[in-house]
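Single-structure report; data block below.
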Amino acid sequence: MSFRKNIKQRIGINCSTFTELQKLVYEEYVKNGYDSVMKQHGEIGDIAELGLICTEVSEAIETVRKKERGIQEELADIIIRVMNFATRHNIYLEPTIVIKHIKNMKRGKYHGNPVI
């Protein structure tokens, strides 16, 4: 049994696509009351939620900077927050990511910019 399948079975997650996972993650977001709070505040809620994504990115940066373990968890936090924001706005990331990747493939090495 693969590691991925074993984890899914142990925690009771039954999803096989990114979109299914996005919906599952959003269900927890709604269950915990975040959806109604963010919707209630409109644009300010959107800005706050994007700020929370930035906070997760900052935590990932600190993990790397301090050479600590746990970067995978910080990256997961970023993705979960992005999934929730996207779902609240009826954006399903799986097809969007594929389309954007195809677009990026046509941009060339370093997207035409010099590397740092």
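Please report, ordered by residue number, the helices (runs of 4 or more DSSP H) entirely within segment 22-116 with at least 2 residues that are surrounded by 14 or more Cβ atoms within 10 Å (Cβ to Cβ).
Working: elements: 34-40, 42-65, 71-88, 93-105.
By residue number, 34-40, 42-65, 71-88.
Take GLU73 and tell me if it is out of contact with any helix residue (DSSP H, G or I) (no Cβ under 8 Å at 6 or more places or on another chain) and farther than 22 Å from PHE18 by Cα.
Working: out of contact with any helix residue (DSSP H, G or I) (no Cβ under 8 Å at 6 or more places or on another chain): yes; farther than 22 Å from PHE18 by Cα: no.
No: the conditions fail for GLU73.
Within the set of pairs 6+ apart or on separate chains, which have a first residue in segment 69-88 that is closer than 12 Å to ILE53 by Cβ and free of Cβ contacts under 8 Å to residues at least 24 places away in the same chain, a second that is of a type outside the set (A, V, I, L, M, F, W, C) and assigned to a helix (DSSP H, G or I), and C-beta atoms under 8 Å apart?
From residues that are closer than 12 Å to ILE53 by Cβ and free of Cβ contacts under 8 Å to residues at least 24 places away in the same chain, the pairs are GLU74/GLU56; GLU74/GLU59; GLU74/THR63; ASP77/GLU56; ASP77/GLU59.
Among the residues of segment 63-80, are any closer than 14 Å to TYR29 by Cβ, in contact with a Lys or Arg (Cβ under 8 Å, 6 or more places away or on another chain) and at pLDDT 95 or above?
no
In segment 78-116, how many are charged (D, E, K, R) and under 16 Å from the mean Cα position of the chain (by Cα)?
4
Under 7 Å between Cβ atoms, at least 6 apart or on separate chains: pull out the pairs that start in segment 5-22 with a residue that is at pLDDT 75 or above and end on any residue that is assigned to a loop (DSSP other than H, G, I, E, B) and not polar (S, T, N, Q).
From residues that are at pLDDT 75 or above, the pairs are THR19/TYR92; LEU21/CYS15; GLN22/TYR92.
The values are calculated or read from the model by the stated rules, or taken from the named source; none is laboratory data. Since this is a predicted model, take the numbers as computed values, not measurements. Glycine gets a Cβ as well: all are built from the backbone with ideal geometry, and neighbour counts include every protein chain shown.
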